[in-house]
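Structure below; questions to follow.
Read-outs throughout are calculated quantities, based only on the coordinates presented, and are distinct from any laboratory measurement. Keep in mind it's a predicted model, so treat the numbers as computed, not measured. Neighbour counts run over all protein chains shown; Cβ positions are idealised from the backbone, glycine included.
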Amino acid sequence: MSAFPEGFLWGGATAANQLEGGYQEGGRGLSIADALPGGKDRFKIVAQPDFDWTIDEDKYTYPNHMGIDFYHHYKEDIALFAEMGFKCYRFSIAWSRVYPNGDETQPNEAGLKFYDAVIDECLAHHIEPVITISHYELPLNLATKYGGWKNRYLIEFYENFARTILTRYADKVKYWMTFNEINSAAHFPVMGQGLVPSTGANDKRNVFQAWHNQFVASAKAVKIAHNLKKGLRVGCMILYATSYSYDANPKNQLANLQENQELNFFCSDVQVRGEYPAYTKRLLAKYGLTFDDLETNDGELALLKQYPVDYIGFSYYMSSAVETTGQVKDTVNGNLMGGVKNPFLAASDWGWQIDPTGLRIALNQLYDRYQKPLFVVENGFGAIDKPDKNFYVEDDYRIDYLKQHIQAMAGAIADGVDLMGYTPWGCIDLVSASTGEMSKRYGFIYVDLDDEGQGTLKRYRKKSFYWYKDVIENNGLEK
Ligand code: BG6
């Protein structure tokens, strides 16, 4: 008997800005992702004090402009997902396709038509769409004119956007998530909050204000969905990296507890429980702030309480270790976070510490804390694939990574965790978020495109494609 419940949502995940391309087609406006240069220095460039979102094509490449051209290949791509037997497909709706500048009152019908087609294509293949309302793709105008999410006008703009798509797709799409990796701003607020140093990214007051505005916007989306149709389910989405104390030193244990609160739990505590956790006080004090420094009001706090999310979506790639006494010098880096090296774990080419057991721990920690259904909406192995002359990739390393994480999920289900589904990240190769590279690949499907934007854009099934097809067919690793 399978460890996974009947109806388990096996699928894959992507984000509009990383795969669609067509960045100026169908009346789409620019998004912040369009202004992020490609390459390993992406985050260094946007962390410069004078970075102001100017697109300078003489100086940089902009791989998100083309993505993998899903805009013109979506039928072929969804057919490939269907061939693997996907039960669901997690993707995002580009805000700037629907509201090109973010602050219009009327949506762009051509943009919506594209999503009508994508959703209908999924449904025709019996694939359940799972939609992220905002995945690192704020309309650029909301970053340049309004200064990103620290500005309270964005609550209203997001509400309009969310109402438009929730209303239009209420009868077709059941599962939604409000903000991708909302807590990632604790590491780097550019992608999630549209904040750069010149608009106050280095001032934690702005980061907390932006979060508050997003919490309110998220609660409004839950309210809209619940009022629209019974059965619509709206989740939060957090970046979860299981965090360990490096050793039994109580100082490290305490530091780990506090780091867990700050980096993993803060946002979901508000979005799931509907109120700010008690440790908010300590957290704000750490940055010289009190709750009174934030602009909030009773009506908003009541809204948070009334409209918590229905489930917890999270990404899981790696774990981290906390050491505060300075005895450990070896460090590692993930895409958004780093830390000391864990001697028990190996790391990927990009320094991510691979830790399937950490996923079982994460699932237990989250379920113990919230007792609401969980959904692993990102997990995967970014690697350099080497296709043979027929463009076939023998990606045993990826199969191995995913297999171990699926085993960990089975373990957590046996522990009693309520897990809804699994959508590995970048089920088709796409542009990396942190480095803008194509060469860091996650997919079951190889896309012939390189870091310089050269290639035929043809799609090829990797070895993992056939392996994952079997997993889905068996509802897990064994029948
Ligand atoms: C998550 C994001 O942080 O990790 C995705 O939600 C991202 O957008 C994924 O692509 C993998 O990170 P990267 O930097 O390797 O693309």
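Per residue of the chain, what 222 nm ellipticity follows from adding -39500 (n - 2.57) for every DSSP H run with n ≥ 4, rounded to the nearest 500?
On the way: 16 runs with 176 residues, N = 479.
That calculation yields -11000 deg cm²/dmol at 222 nm.
Also, quick follow-up: May I ask which residue of Leu30, Tyr287, Val118 lies farthest towards the positive end of the charge dipole of the chain, with charges of +1 (Lys, Arg) and -1 (Asp, Glu) on Cβ and the Cα centre as origin?
Tyr287
Can you put Val376, Val118, Val417 in order of Cβ neighbours within 10 angstrom, beginning with the fewest?
Details: Val376 28, Val118 23, Val417 19.
Ordered from fewest to most neighbouring Cβ atoms within 10 Å, Val376, Val118, Val417 come out as Val417, Val118, Val376.
Now for a separate question. Once the other residues with Cβ under 11 Å from the Cβ of Ser245 are scored (Lys, Arg +1; Asp, Glu -1), what is the net sum?
Working: positive: Lys251; negative: Asp247, Glu259, Glu323.
Cβ neighbours under 11 Å give a net charge of -2.
Another one. What order do you get for 278-285, 385-392 when each peptide is scored by the mean count of other beta carbon atoms within 10 Å, highest first? It would help to have the intermediate numbers written out before the result.
Values: 278-285: 14.4, 385-392: 11.1.
The densest-packed peptide leads the list: 278-285, 385-392.
Within region 9-473, what percent of beta bridges assigned by DSSP are antiparallel, to the nearest 5? Show your work: numbers first, answer last.
Values: 10 of 45 bridges.
Of all bridge pairs located within region 9-473, approximately 20 percent are antiparallel.
Let me ask something else about it. What length, rounded to one decimal in nm, is gained on full extension from Thr325 through to Asn474, with 0.36 nm per residue of separation minus their alpha-carbon distance?
On the way: separation 149, 0.36 × 149 = 53.64 nm, distance 4.78 nm.
48.9 nm is the gain from fully extending Thr325 to Asn474.
Next up: Contour minus end-to-end for His126 and Asp103, with contour as 0.36 nm per residue of separation and end-to-end as the Cα-Cα distance?
Values: separation 23, 0.36 × 23 = 8.28 nm, distance 3.48 nm.
Here the answer is 4.8 nm.
How many angstrom separate the Cα center of region 166-212 from the Cα center of region 444-477?
The distance from the Cα centre of region 166-212 to that of region 444-477 comes to 30 Å.
If the cut-off is 24 Å between C-alpha atoms, which lysines fall inside it for Lys341, apart from same-chain ones fewer than 8 positions away?
Output for Lys341: Lys40, Lys44, Lys251, Lys329, Lys403, Lys440.
Which one, His65, Tyr307, Pro343, is farthest towards the positive end of the dipole of the chain when Lys and Arg carry +1 and Asp and Glu -1 on their Cβ?
About the Cα centre, the residue reaching furthest to the positive side is Tyr307.
Right, something else. Of the listed pairs Lys386/Lys458; Lys145/Lys174; Lys174/Lys458; Lys113/Lys230, which have alpha-carbon separations greater than 22 Å here?
Working: Lys386/Lys458 15 Å; Lys145/Lys174 34 Å; Lys174/Lys458 32 Å; Lys113/Lys230 25 Å.
Distance filter (> 22 Å) returns Lys145/Lys174; Lys174/Lys458; Lys113/Lys230.
Would you calculate the separation in nanometres between label points at Arg369 and Gln404, each defined as 7 Å from the Cα along the Cα-to-beta-carbon direction?
Using points 7 Å along Cα→Cβ, the separation is 2.4 nm.
Still on this structure: Based on Cβ point charges of +1 for Lys and Arg and -1 for Asp and Glu, what charge dipole magnitude is obtained for region 97-246 about its Cα centre, in debye rounded to the nearest 20?
Result for region 97-246 is approximately 480 debye, rounded to the nearest 20.
Turning to a different aspect of this structure: In Å, what Rg and Dmax follow from the Cα atoms of region 9-473?
Rg then Dmax for region 9-473, in Å: 20.7, 63.
For the chain, what is the relative contact order in percent, using Cα pairs closer than 8 Å and at least 6 residues apart in sequence?
Details: 987 pairs, mean separation 89.0, N = 479.
Dividing the mean separation by the residue count of the chain yields 19 percent.
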